[in-house]
Amino acid sequence: MTIAMISIDFLRWSKQKLRSVDALQSQNNELKRQLSEILIHDLDRDTLEKLEQFQTQILYKDITFSLLRHELLVRMNGWGKDGLNDELSDRQQHKFDLDLIRMEKEISRMNAELEDLKRINKWSA
């Protein structure tokens, strides 16, 4: 495979991963919106503490998505400039794929937790 083909494959992969990060960020933003609607209710202390922890998780996800996006853009802009070989690139891509899978699972878990809280407390958001 030539460098040009590797670069085209990497560019294609990178664009797809950027779309994935953007989709996860959108889901995280929806969690923030729903949480803000829940917080208008009268809440007991325990529930408020749970929601504060939930908000902290959402904010950490924002930071993580920004870092993933930044890492991907840096790699896209620097591809081939620092002499990375295919093996290292494959490992980095695999790690990035695993990071995205982990983030997808965490966002799904957070969605389920928020839905459970809404159902238990009979909130609508």
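Figures for the structure shown
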read-out: Above-threshold pairs, the threshold being 22 Å between Cα atoms, out of Lys50/Lys95; Lys17/Lys118; Lys61/Lys122; Lys17/Lys50; Lys50/Lys105; value: Lys50/Lys95; Lys17/Lys118; Lys61/Lys122; Lys17/Lys50
read-out: Thr56 paired with Asp99, simple spin-label distance in nm, labels 7 Å along Cα-to-beta-carbon; value: 2.3
read-out: Inter-probe distance in nm under a simple model that places probes 7 Å from Cα toward Cβ, at Leu39 and Ser26; value: 2.4
read-out: Cut-off 12 Å between beta-carbons: net charge of the residues surrounding Glu52, Lys and Arg +1, Asp and Glu -1; value: 0
read-out: Arg91 versus Asp46: modelled label distance in nm, points set 7 Å from Cα along the beta carbon direction; value: 4.8
read-out: Centre separation in Å (Cα based) which lies between segment 89-105 and segment 1-70; value: 15
read-out: Ranked by how many other beta carbons lie within 10 Å on average, peptides 66-73, 46-53 from highest; value: 66-73, 46-53
read-out: Three-way shape call for segment 27-66 based on the alpha-carbon gyration tensor, with the a/c threshold at 1.5; value: oblate
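Read-outs: derived from the displayed coordinates by stated rules, not from any lab. Values in this document were obtained by computation on a predicted structure and should not be read as measured data. A quick note on method: Cβ atoms are made from the backbone with ideal geometry, for glycine too, and the neighbour counts reach across all protein chains shown.
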